[in-house]
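I have placed the structure first, in the form of structure tokens, so that the comments after it can refer back to it.
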Amino acid sequence: AQSVTQLDSQVPVFEEAPVELRCNYSSSVSVYLFWYVQYPNQGLQLLLKYLSGSTLVKGINGFEAEFNKSQTSFHLRKPSVHISDTAEYFCAVTESGAGSYQLTFGKGTKLSVIP
Amino acid sequence: DGGITQSPKYLFRKEGQNVTLSCEQNLNHDAMYWYRQDPGQGLRLIYYSQIVNDFQKGDIAEGYSVSREKKESFPLTVTSAQKNPTAFYLCASRGADFDEQYFGPGTRLTVT
């Protein structure tokens with residue numbers, strides 16, 4: 001079975017500062033990895049995904065993530081945050097070739113950008 | 001304009017009543033999913049369907065039921081057997097095997 005751990009439930013950061021949201025996963029097989037963002041009372045929007053190939057993945061809104069197989073991590077980074085980045089961020093994993101492609105989500109990290 | 005619609009946005013029910021949440025997609029996706037979201041808990045899978053007339057239980061299916069009679073529609077019924085139904089419910093769909101899941105805007109259900 002797969003699992004996802006998001007190490008920080010809340011991350012406050014000043015505007016224009018860099019941020020890293022941490023995600024570690026556990027799986028015995030190859031995986032696909034995703035980061036989603038959720039604004040209050042809305043659905044989830046995909047930020048980026050890792051399927052294969054280059055371990056550095058670039059997404060929307062200036063976010064990027066790096067897949068590290070040896071450390072089973074997929075941390076999300078942004079070099080300079082904006083007030084509009086205030087939201088909850090979810091890391092998710094699915095086993096590649098699993099058929100159902102069920103996503104297992106972490107519990108989320110709330111990013112608060114301080115003006 | 002393709003996407004997933006969920007209605008209503010807010011739903012209020014009395015304890016002991018069944019309630020059905022709507023999920024419709026016009027993305028021509030085969031797979032559809034229902035998740036429950038509680039504060040600090042992330043998203044947990046209730047049911048999923050990979051094709052019309054077929055569906056599978058997720059991690060927390062007890063007290064819920066679904067149907068998949070049409071490709072576009074995957075309604076979720078929260079029955080009176082669900083002990084703690086108040087939550088935010090999200091529907092999603094997926095196209096290709098390696099594709100991401102696309103989410104609807106969610107329905108917030110409050111049961112008193």
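More than 23 Å from A:S9 (Cα to Cα) and open to solvent by less than 10 Å² (accessible area, probe 1.4 Å): does that describe B:L45? Against the criterion (more than 23 Å from A:S9 (Cα to Cα) and open to solvent by less than 10 Å² (accessible area, probe 1.4 Å)), B:L45 does not qualify. Can you name the residue in region A:101-115 that is within 14 Å of another protein chain (Cβ to nearest Cβ) and open to solvent by less than 50 Å² (accessible area, probe 1.4 Å) and, of all such residues, is farthest from the chain's Cα centre (by Cα)? Filtering first and then ranking leaves A:Y101.
Over 14 Å from the mean Cα position of the chain (by Cα), under 28 Å from A:S52 (Cα atoms), without any contact (Cβ under 8 Å) to a residue 24 or more places away in the chain and assigned to a loop (DSSP other than H, G, I, E, B) - does that describe any residue in region B:41-54? Taking every residue of region B:41-54 in turn, at least one turns out to be over 14 Å from the mean Cα position of the chain (by Cα), under 28 Å from A:S52 (Cα atoms), without any contact (Cβ under 8 Å) to a residue 24 or more places away in the chain and assigned to a loop (DSSP other than H, G, I, E, B). Taking region A:1-100 as the region of interest, the strands (runs of 3 or more DSSP E) fully inside it that hold 1 or more residues being open to solvent by 60 Å² or more (accessible area, probe 1.4 Å) and over 25 Å from B:K57 (Cα atoms) are A:10-14, A:19-21, A:44-50, A:56-58, A:64-68, A:73-78. Screening region B:66-112 for strands (runs of 3 or more DSSP E) wholly inside it with 2 or more residues that are at pLDDT 95 or above and away from chain A (no Cβ under 14 Å) returns the ranges B:76-78.
The values are calculated or read from the model by the stated rules, or taken from the named source; none is laboratory data. Remember, it's a predicted structure, so these values are computed and weren't measured experimentally. Note that we place each Cβ from the backbone using ideal geometry, even for glycine, and neighbour counts take in every protein chain shown. Calculation scope for accessible area: heavy atoms of the full protein, side chains included, ligands and nucleic acids excluded. Shrake-Rupley method; radii C 1.70, N 1.55, O 1.52, S 1.80 Å.
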